[in-house]
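A.B. asks: Let me give you the structure first, and then I'll get to my questions.
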């Protein structure tokens with residue numbers, strides 16, 4: 001438990017000083033005492049077990065459906081989406097830049113699953129009346145999850161950073177010869 005980084009401080013009598021939120025520490029202690037894996041707050045206890053470098057607890061928690069699905073399914077899918085994490089950060093920067101004296105800010109996202117869709121997205125950006133710099137592109141990827149799965153992942157990851165966000169298909173202003181594109185989505189950040 002005390003082998004990980006950073007090096008823990010001790011008091012004048014050599015006792016370890018742990019400067020960490022204690023809300024989930026009881027579950028850690030229970031595991032260390034009895035080997036009992038917690039049945040609630042799995043994600044939170046998992047983060048604490050990683051922090052304290054308690055490998056036996058980490059391994060047992062990774063077998064639970066919540067962590068297994070996150071580690072094996074979701075993270076492996078997102079690893080196949082080019083620049084996923086960077087794009088999340090770009091979305092947040094754009095949303096924060098556009099919030100001037102407003103309750104909401106919008107970020108347009110282009111989600112393309114295939115190379116063919118990527119070229120269609122590029123063509124659409126050239127014809128639509130949008131600021132191309134503020135459109136964030138996700139994809140293409142080679143994995144079975146679809147666009148709705150990726151949208152849910154984007155929403156969840158932004159919310160995990162503390163933001164309130166929703167999304168819907170983006171419909172451009174309709175004009176003469178309007179063509180609908182089904183790979184544009186609008187993420188709405190709610191600030192207050």
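A.B. asks: Within the set of pairs 6+ apart or on separate chains, which have a first residue in the range 95-110 that is farther than 19 Å from residue 184 by Cα, a second that is loosely packed, with under 14 Cβ neighbours inside 10 Å and at pLDDT 95 or above, and C-beta atoms under 6 Å apart?
C.D. replies: 99/191; 103/191
A.B. asks: Can you name every residue in the range 162-192 that is modelled with pLDDT of 95 or more and at positive phi?
C.D. replies: Result: 162, single match.
A.B. asks: Among the numbered criteria (1) under 25 Å from the mean Cα position of the chain (by Cα); (2) modelled with pLDDT under 90; (3) outside the structural domain of residue 139 (by TED's automatic domain parsing); (4) surrounded by 13 or more Cβ atoms within 10 Å (Cβ to Cβ), which one does residue 1 miss?
C.D. replies: Going through (1) under 25 Å from the mean Cα position of the chain (by Cα); (2) modelled with pLDDT under 90; (3) outside the structural domain of residue 139 (by TED's automatic domain parsing); (4) surrounded by 13 or more Cβ atoms within 10 Å (Cβ to Cβ) one by one, residue 1 breaks only (1).
A.B. asks: Take residue 119 and decide whether it is without any contact (Cβ under 8 Å) to a residue 24 or more places away in the chain and out of contact with any strand residue (DSSP E or B) (no Cβ under 9 Å at 6 or more places or on another chain). If you could, list the steps in order and put the result at the bottom.
C.D. replies: Values: without any contact (Cβ under 8 Å) to a residue 24 or more places away in the chain: yes; out of contact with any strand residue (DSSP E or B) (no Cβ under 9 Å at 6 or more places or on another chain): yes.
So residue 119 fits the description; yes.
The values are calculated or read from the model by the stated rules, or taken from the named source; none is laboratory data. Note that the structure is a prediction, hence the values are computed from the model and not measured. When we count neighbours, we look across all protein chains shown, and the Cβ atoms used for this are built from the backbone with ideal geometry, even at glycine.
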